[in-house]
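The structure appears right after this line, and notes come after that.
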Amino acid sequence: MQASGVSPTQRSLADLEDAELPEALVVRLSDDEETRQGQLQRLERLLDEGVRSVALSDTPTDVALAALRAGVVDVLRPEADVAEYRQALLRAVDRATRLPSTTVDAPVPEAQRRVIVVLAPKGGVGKTTVATNLALGLAMRAPERTVLVDLDAQFGDVLTSLNMFPEYRLHDMTTAALAGDALGVKTFLARHESGLAVIGASDHPAQADSVSGVAASRLVTLLAESFQYVVVDTAAGINDLTLAAADAATDLVLVTTLDVIGIRALRREMEVLDQLSLLHLPRHVVVNRHDPRHGITAADFVANIGAGIDVQVPVSKVALLASNQGIPLLSAAPRDPAAVALTKLVERFATTARTGRQRRRDKKENQ
Ligand SMILES: Nc1ncnc2c1ncn2[C@@H]1O[C@H](COP(=O)(O)OP(=O)(O)OP(=O)(O)O)[C@@H](O)[C@H]1O
Ligand SMILES: [Mg+2]
C-alpha cells in the first residue's frame, strides 16, 4: 500500500490548511504544553477533513491519550523502528480510505460476541500456543474483529510468540478500562500484521502486580463490546485474573496433556470451576502434544474426566520452531498436522453450526 499524498518533506502543521491535504501525516508533538494543545486542536480540524495522523511523542501516557482522543491513529516514540512506523502509517492510510462505519467502531450485537478464555491447571502445556493460534485463525476470518489478551500478567509471552514489541501493555489498557476510557483502550491496542489486535503483558513486574481482577474484568467486558472475538490467554492454575476473565467468558478452552499428571490436574481444575459455577459454560477440551505411543487413550480420558476430547493437537517439531521464531504455527505451516488440529478448534467458533457430516468426521478422528 502506498501512502499517497504524503509529502516526503517536513512541513509545519499550520501550512497544511492551505495546501492540498494528504491522506495521512506524521506529527511530532511539541514538548511545550501550550504549543501541543494548539497542535491537537489543529489535528482535530484536519481529522474532520479526512486526514489521518500518526503522532510522535516521548511524553507520558496522558499526552498520548489526549492525542488519541483528538483522533490520531497512533502514537509512537520518535525512536520507534522502521517496522513500527510502517505499520502505523499503513494503518493511518487504511483508515483514511475506509468508510467510517465499519467493524471495530460499531458495537457487536451481544448474541455474536465470543469471549474465549484459554486455561489450564499446569504450566507449559500449550495455553499460549493454543490461544495465539486460535486468535490468529479467527482474525484471518474476522480481521479487525478479533483481539487477543494476555492475562498471564507476570510471565505472559504472547508478544514473544507473535514477535511484537508494542509500547502499550496490559496495565495501560486496564488503567484506561478502569477509567471507562473505551477510546483509550481501542487506540492503545497493538496490531499484528494479520489484523489481530493484541494486548501483551508488561515486562515490568511492578506493572504486572498492579493489574487487579476488577480491572481485568472491566477490560474484557469493554473489549467484548467492540470485538466479535476476545481470546484470553491465562497463567497456569486459577488466579484472580483468570477468574475475572472466566466470569465474563462465553466459552472455556481447557488445555491439557494426555498423561496421568495432566489428567488429574485437569479434573481438579474442573472441580474448582464447578464450585465457582463456571463449568456450565460451553467448554472445549484440547489435548496438546498428543502422542498415541504414550499409552493413555481418549477412552481413559473420558473415564477419568467425564468429558470427551474435542481437539487433539499432535506433538510438532514445527510448532516449537515456529514459536521460537515468533511466527504462529497457523501462518508458518498451515498444513502441519498440529496446525490442522488447531484450525479445527478455530472452526468450532468461526462456524455457527457444524454439519452432521463434520461432527461424525471429527468424532471418528478423535477416537
Ligand atoms: N503441539 C506442540 N508440539 C510441540 N511443541 C509444542 C506444542 N505445543 C506447544 N509447544 C511448545 O511447548 C512450549 C510451551 O508451550 P506454551 O508456551 O504454549 O505453554 P503454556 O501453557 O502457555 O506455558 P506457560 O504456563 O509457561 O504459560 C513452547 O515452547 C511451545 O512452542
Ligand atoms: Mg503461556
Can you name the residue in region 283-328 that is touching a strand residue (DSSP E or B) at 6+ places or on another chain (Cβ under 9 Å) and among the charged types (D, E, K, R) and is also modelled with the lowest pLDDT among such residues?
291
Looking at (1) within 15 Å of ligand 1 (Cβ to nearest atom); (2) outside any helix (DSSP H, G or I), which one does residue 230 not meet, given that it meets all the others?
(1)
Test each condition in (1) modelled with pLDDT of 95 or more; (2) more than 8 Å from ligand 2 (Cβ to nearest atom); (3) assigned to a helix (DSSP H, G or I) for residue 116 and report the one that comes out false.
(3)
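Pull up region 275-292, narrow it to residues that are within 23 Å of the chain's Cα centre (by Cα) and not hydrophobic (A, V, I, L, M, F, W, C), then point me to the one that is farthest from residue 261 (Cα to Cα). So that I can check it myself, show each step before the final result.
Narrowing region 275-292 to residues within 23 Å of the chain's Cα centre (by Cα): 278, 281-288.
From the residues that got through so far, the ones that are not hydrophobic (A, V, I, L, M, F, W, C) too are 282-284, 288.
Values: 282: 24, 283: 21, 284: 20, 288: 14 Å.
Of everything passing the filter in region 275-292, 282 is farthest from residue 261 (Cα to Cα).
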Looking at (1) within 16 Å of ligand 2 (Cβ to nearest atom); (2) among the acidic types (Asp, Glu); (3) touching a Phe, Trp or Tyr at 6+ places or on another chain (Cβ under 8 Å), can you tell me which one residue 150 breaks?
(3)
In region 233-245, residue nearest to ligand 1 (Cβ to nearest atom) [restricted to those that are closer than 18 Å to residue 158 by Cβ and of a type in the set (A, V, I, L, M, F, W, C)]:
236
Using the structure shown, decide if residue 234 is over 21 Å from the mean Cα position of the chain (by Cα) and buried (at least 20 other Cβ atoms within 10 Å of the Cβ).
no
If a residue has to be touching a strand residue (DSSP E or B) at 6+ places or on another chain (Cβ under 7 Å) and within 16 Å of ligand 2 (Cβ to nearest atom) to count, how many in region 133-147 make the cut?
2
Residue count, region 119-156 (criterion: assigned to a loop (DSSP other than H, G, I, E, B), under 15 Å from the mean Cα position of the chain (by Cα), charged (D, E, K, R) and within 11 Å of ligand 1 (Cβ to nearest atom)):
1
Residue 128 vs. criteria in the same structural domain as residue 347 (by TED's automatic domain parsing), out of contact with any Pro (no Cβ under 9 Å at 6 or more places or on another chain) and polar (S, T, N, Q)
yes
Given the conditions (1) within 16 Å of ligand 2 (Cβ to nearest atom); (2) under 23 Å from residue 338 (Cα atoms); (3) surrounded by fewer than 19 Cβ atoms within 10 Å (Cβ to Cβ), and given that residue 239 satisfies all but one, which numbered condition is not satisfied?
(2)
Considering only region 161-173, I want to know if a residue exists there that is aliphatic (A, V, I, L, M), surrounded by 18 or more Cβ atoms within 10 Å (Cβ to Cβ) and more than 16 Å from residue 214 (Cα to Cα).
yes
Being outside any helix (DSSP H, G or I), farther than 24 Å from residue 330 by Cα and assigned by TED's automatic domain parsing to the domain that holds residue 339, is that true of even one residue in region 184-193?
no
In region 219-238, the residues that are in contact with a Gly (Cβ under 9 Å, 6 or more places away or on another chain) and closer than 11 Å to residue 182 by Cβ:
222
Residue 142 vs. criteria modelled with pLDDT of 95 or more, in the same structural domain as residue 331 (by TED's automatic domain parsing) and surrounded by fewer than 24 Cβ atoms within 10 Å (Cβ to Cβ)
no
Collect the residues in region 307-328 that are within 8 Å of ligand 1 (Cβ to nearest atom) and in contact (Cβ under 8 Å) with a residue 40 or more places away in the chain, keeping them in residue-number order.
313, 319, 323
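What residue, of 198, 211, is buried (at least 17 other Cβ atoms within 10 Å of the Cβ) and either touching a Pro at 6+ places or on another chain (Cβ under 8 Å) or closer than 21 Å to residue 141 by Cα (or both)?
Among 198, 211, only 198 is buried (at least 17 other Cβ atoms within 10 Å of the Cβ) and either touching a Pro at 6+ places or on another chain (Cβ under 8 Å) or closer than 21 Å to residue 141 by Cα (or both).
The values are calculated or read from the model by the stated rules, or taken from the named source; none is laboratory data. Quick caveat, the model's predicted, so the values are computed rather than measured. A quick note on method: Cβ atoms are made from the backbone with ideal geometry, for glycine too, and the neighbour counts reach across all protein chains shown.
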